[in-house]
Amino acid sequence: MKSLIQHTVSHLFLAVSLFAVANEDPPTYPGQDRTWQFHDAAGTADTTALWKEDASIVAWATGYQDLQYGSEVDAVWKTPAKALGVAGGGSYDIVCLGRGGQITLTFDSPIRNGEGFDFAVFENSFSDHFLELGYVEVSSDGVHFVRFPNFSYTLSAVGGFGAVNPSQIHGLAGKYKQGYGTPFDLEQLQLAYTAVMEGSDSFDAVYQNSLVANFQHLDLDAIQYLRIIDIPGDGSAVDCEGAVIYDPYPTVGSAGFDLDAVAVLHQQASDGLTQSINFAAIGHQIFTEGGLELSATASSGLPVSFELLEGPAQLEGAQLSFTGLGSVVVQATQLGDASYAPAVPVTHSFVVADALQHIYLEPIANQLVAVSDVAFYAQSSSGLPVELYIDAGPEAAYVHATDHLFSSGSVTGSVTLRASLPAGAMAGVYYAPAEDVFWDFEIVSSGAPNAARSFAAWQLAHGLAGTAEDDADADGASDFEEYVAGSDPNLASDHPDYRLERSEGSFILVLNFSKRARARVQLMQSTELTAVAEWTQFIPEMLSIEIDPSDESKAQLRFKVPQQGGSAFWKFSFSED
């Protein structure tokens, strides 16, 4: 406890010193308006977290350089272009720096020192307390970097999935969960430098010396470069007063800071009229197709140019030719003219692979509180293993990424589950990443009106008895099919809605599913429609999931299956889970 008291007192002294330099009524931003404890998690009354769609955001980082990966980073997380442009607010669309890694971001126009916050850094933490932290440094010339004052009051080591209290840290990126940026004010650097020059600071000698040596090269109204350095979390890194910084350690595969984006709140004005580029996202590509022609337009009507930033390809004009397998990054630019200012570049990345793949996530019923080891089912068309993650929900809700076993915890609430599958090889074939598939469900108490129930309980509620194959209302759909769809088994006009729609080169299958049904849903395929036909499971591509606005426990699912030469038959197979 003594070390905490000593650290706290020294920080209080620093804060008061900075107040004296600023004015008698200090502005309201971190490091000025309060001392420890610092601002709390996103969504609380006491937070500075910046939502990714906040109206104060005027621009985003447009380029990167000097990328140095640390240890424990799998290849799937090494796409730095994903840190450019707007924040995705999810778990996958990021670049992972690895343990001790770093990246420098650049901007179409320099960041300037405005009133209040000037920029914000977005990380991809899945919760308010799994916080992977990073130092933030800025530079005007790309050589002399100045680090923001930073403070950590986490007094002991944090395990690989341990918790960090956001109110115990300040001046470090990664303070807030995904979708929310940690904001920074350039004025803090001026105040810190003045405090050092007046001898009224409490910084350790290392931070003092670095600040004094580099601040003189900094133009707070012309910040061209922003560097983020991962903090390993093992106790080897310290804050500006020399106190140890802890964050989750060890982690593997995607260790360290996961950068989603950097938003700009104050930016130097550009000469000329503003313009923007419309450059549609590029899907993953198959190598044997050879390449593609890039297409983009500028709102000004001026021609757009393309640049190949990295990857196995060659670019001539707008024609992109594939030269191998792997991730390709291209950027569209428009440099302006006598009337128009340069447009913000638009960067896209995609994977060139031998083949594409997709995920089938079986529909999931609403879950009860305090259940554990509930099996969820997800498969891929390639045979590669699918990983499951909880993107949003009560903190205690947990799903094992590879075993797909779910535990609900003791708190009710809404859950968003994500099925993910990175690029990988199977039987000598290299597959591009699959599109993520999302499913929303509720954790509810046993007596809740939207709680899932067994088929027997559903029969009892509708005054039915008999087998699952019975058809109480003679509408052509079995009672079990009505249970799965959430339709009324006693009303012939209310029946499951199966549809087959023809699309270019494929068929679209439509199915209704009730989240009150504890049922498994599989698609089966056969080339014959006879009593002895052999039906095998088929992995369809999930196109969309639409929730019934009148009953959120009901969903309509749309699947895509290929048109094939000869005869092909499809059927849904239902079983109680």
Report task. Among the residues of the range 293-319, count how many are touching a residue at least 40 places away in the same chain (Cβ under 8 Å), farther than 12 Å from Ile277 by Cβ and among the hydrophobic types (A, V, I, L, M, F, W, C). Result -> 1
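How about the range 70-101: which of its residues are part of a loop (DSSP other than H, G, I, E, B) and either under 13 Å from Arg227 (Cα atoms) or over 20 Å from the mean Cα position of the chain (by Cα) (or both)? Walk me through how you get there before you give the answer.
Initially, the range 70-101 is screened for residues part of a loop (DSSP other than H, G, I, E, B), giving 70, 72, 74, 78-79, 84-94, 97-98, 100-101.
Matches in the range 70-101: Gly70, Leu97, Gly100, Gly101.
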Query raised in the report: Of all strands (runs of 3 or more DSSP E) completely enclosed by the range 414-491, which ones contain at least 1 residues that are touching a residue at least 60 places away in the same chain (Cβ under 8 Å)?
Result: 429-431, 437-444
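For every residue, the table says whether it meets (1) under 30 Å from Gly326 (Cα atoms); (2) surrounded by fewer than 20 Cβ atoms within 10 Å (Cβ to Cβ); (3) modelled with pLDDT of 95 or more; (4) not basic (Lys, Arg).
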{"residue": "Tyr430", "(1), (2), (3), (4)": "yes, yes, yes, yes"}
{"residue": "Asp436", "(1), (2), (3), (4)": "yes, yes, no, yes"}
{"residue": "Ile443", "(1), (2), (3), (4)": "no, no, yes, yes"}
{"residue": "Leu460", "(1), (2), (3), (4)": "no, yes, yes, yes"}
{"residue": "Gly466", "(1), (2), (3), (4)": "no, yes, no, yes"}
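Results for (1) open to solvent by 40 Å² or more (accessible area, probe 1.4 Å); (2) at pLDDT 90 or above; (3) out of contact with any strand residue (DSSP E or B) (no Cβ under 6 Å at 6 or more places or on another chain), shown as yes or no for each residue.
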| site | (1), (2), (3) |
| --- | --- |
| Glu289 | yes, yes, yes |
| Leu292 | no, yes, no |
| Ala341 | no, no, yes |
| Val351 | no, yes, no |
| Glu362 | no, yes, no |
| Ser380 | no, yes, no |
| Tyr389 | yes, no, no |
| Glu395 | yes, no, yes |
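May I ask you to verify whether Glu528 is in contact with a helix residue (DSSP H, G or I) (Cβ under 8 Å, 6 or more places away or on another chain), open to solvent by 50 Å² or more (accessible area, probe 1.4 Å) and over 22 Å from Glu435 (Cα atoms)?
Values: in contact with a helix residue (DSSP H, G or I) (Cβ under 8 Å, 6 or more places away or on another chain): no; open to solvent by 50 Å² or more (accessible area, probe 1.4 Å): yes; over 22 Å from Glu435 (Cα atoms): yes.
Answer is no for this residue.
Please work out if Glu72 is more than 21 Å from Ala434 (Cβ to Cβ), among the acidic types (Asp, Glu) and in contact (Cβ under 8 Å) with a residue 40 or more places away in the chain. Steps first, answer last, please.
Details: more than 21 Å from Ala434 (Cβ to Cβ): yes; among the acidic types (Asp, Glu): yes; in contact (Cβ under 8 Å) with a residue 40 or more places away in the chain: yes.
Yes; evaluated as a whole, the condition is true for this residue.
Give the range 196-210 a look and list any residue that's surrounded by 12 or more Cβ atoms within 10 Å (Cβ to Cβ) and of a type in the set (A, V, I, L, M, F, W, C), or say none. I'd like the intermediate steps shown before the answer.
Within the range 196-210, the subset surrounded by 12 or more Cβ atoms within 10 Å (Cβ to Cβ) is 196-197, 200-204, 207-210.
Within the range 196-210, Val196, Met197, Phe203 qualify.
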Report task. Would you be able to tell me the number of residues in the range 102-123 that are part of a loop (DSSP other than H, G, I, E, B) and either at pLDDT below 95 or charged (D, E, K, R) (or both)? Result -> 4
Query - So Ser493, is it among the hydroxyl-bearing types (Ser, Thr, Tyr) and within 41 Å of the chain's Cα centre (by Cα) - result: no
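Tell me yes or no: at least one residue of the range 2-25 is in a helix (DSSP H, G or I), among the charged types (D, E, K, R), surrounded by fewer than 20 Cβ atoms within 10 Å (Cβ to Cβ) and modelled with pLDDT under 85.
Of the range 2-25, the ones in a helix (DSSP H, G or I) are 2-22.
Those left that are additionally among the charged types (D, E, K, R): 2.
Checking which are surrounded by fewer than 20 Cβ atoms within 10 Å (Cβ to Cβ) leaves us with 2.
Cutting the leftovers down to modelled with pLDDT under 85 gives us 2.
Checked the range 2-25: at least one residue is in a helix (DSSP H, G or I), among the charged types (D, E, K, R), surrounded by fewer than 20 Cβ atoms within 10 Å (Cβ to Cβ) and modelled with pLDDT under 85.
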Requested in this report: Report yes if some residue within the range 397-409 is within 24 Å of Ser573 (Cα to Cα), among the polar types (S, T, N, Q) and not in a strand (DSSP E or B); otherwise report no.
Outcome: no
Query raised in the report: Which condition number in (1) of a type in the set (Gly, Ala, Ser); (2) part of a strand (DSSP E or B); (3) open to solvent by 20 Å² or more (accessible area, probe 1.4 Å) is the one that Ala213 fails?
Result: (2)
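The values are calculated or read from the model by the stated rules, or taken from the named source; none is laboratory data. It should be emphasised that the depicted structure is a prediction, and the values quoted were computed from it without experimental measurement. Glycine gets a Cβ as well: all are built from the backbone with ideal geometry, and neighbour counts include every protein chain shown. These accessible areas exclude ligands, DNA and RNA; they are computed on the full protein's heavy atoms, side chains included. Shrake-Rupley method; radii C 1.70, N 1.55, O 1.52, S 1.80 Å.
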